[in-house]
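The values are calculated or read from the model by the stated rules, or taken from the named source; none is laboratory data. Model, not experiment: these values are computed from the prediction. Methodologically, a virtual Cβ is constructed for each residue, glycine included, from the backbone with ideal geometry; neighbour enumeration extends over all protein chains shown.
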Amino acid sequence: MSVMRSAEVTVDSETGQELEKILIELPPDHWSGSSGERVWALPLGGDHYEIRNTPWYAYDMNWGDVVVCEGRPPADLPIVAKLVRSSGRRTLRIWFEENIPRAERDAVLNEINELGASYENADDQLYALDLEAEVDAPPLLDRPAVLEQQGTLNWETGGS
């Protein structure tokens with residue numbers, strides 16, 4: 001078996017581990033308009049990888065999940081074929097309404113962080129939230145629900 005090697009490689013500044021980009025294919029009618037999402041992953045050997053960032057678009061994939069990759073698109077990135085081990089983490093997505101001031105967004109993100117979630121910024125409007133397995137999810141689900149009712153943001157879970 002040949003080792004798949006991604007066309008994109010970096011070194012994690014916190015761990016010193018070499019990470020590679022892999023591709024999660026998205027359905028043709030995905031709301032993002034994208035056909036795939038590239039995520040950083042730790043190569044585990046052969047065709048197995050551990051996802052190392054929070055997906056913005058892909059459903060049922062989370063930080064720390066282990067996947068098997070097969071094939072390569074023209075971008076020369078290994079393509080995720082299936083999930084082989086769940087990390088137990090969960091992903092939420094929030095979209096701030098365009099008229100929400102930066103200071104209010106930052107206050108919401110700080111509150112979410114204090115409730116136990118980390119986040120990744122896609123474009124200053126879309127954020128992917130990462131909840132570790134031991135994080136108490138109800139407060140992190142309640143807060144976006146309240147903010148949605150107030151017209152501050154929209155949100156969804158990372159499952160399909």
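For the reader, a short list of remarks on this structure follows.
Per-residue answers, yes or no, for (1) small (G, A, S); (2) closer than 21 Å to L153 by Cβ; (3) modelled with pLDDT of 90 or more:
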site	(1), (2), (3)
H30	no, yes, no
W56	no, yes, yes
D65	no, no, yes
D76	no, no, no
A81	yes, no, yes
V84	no, no, yes
L92	no, yes, yes
N99	no, yes, yes
E104	no, yes, yes
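- Members of the stretch 79-110 that are surrounded by 13 or more Cβ atoms within 10 Å (Cβ to Cβ) and closer than 22 Å to Q149 by Cα: T91, L92, R93, I94, W95, F96, E97, I100, E104, R105, V108, L109
- Of the criteria (1) modelled with pLDDT of 90 or more; (2) hydrophobic (A, V, I, L, M, F, W, C); (3) assigned by TED's automatic domain parsing to the domain that holds I22, which one A128 fails: (3)
- Checking each residue in the stretch 116-125 for being surrounded by fewer than 17 Cβ atoms within 10 Å (Cβ to Cβ) and hydrophobic (A, V, I, L, M, F, W, C) picks out only A122.
- For S13, the conditions (1) at pLDDT below 95; (2) within 21 Å of S86 (Cα to Cα) all hold with the exception of (2).
- Unique match (being touching a residue at least 12 places away in the same chain (Cβ under 8 Å) and in contact with a Ser or Thr (Cβ under 6 Å, 6 or more places away or on another chain)) among G64, G46: G64
Quick grid of which residues meet (1) of a type in the set (D, E); (2) farther than 17 Å from W31 by Cβ; (3) outside any helix (DSSP H, G or I):
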position: N110; (1), (2), (3): no, yes, no
position: Y119; (1), (2), (3): no, yes, yes
position: D123; (1), (2), (3): yes, no, yes
position: D130; (1), (2), (3): yes, yes, yes
position: E134; (1), (2), (3): yes, yes, yes
position: P139; (1), (2), (3): no, yes, no
position: N154; (1), (2), (3): no, no, yes
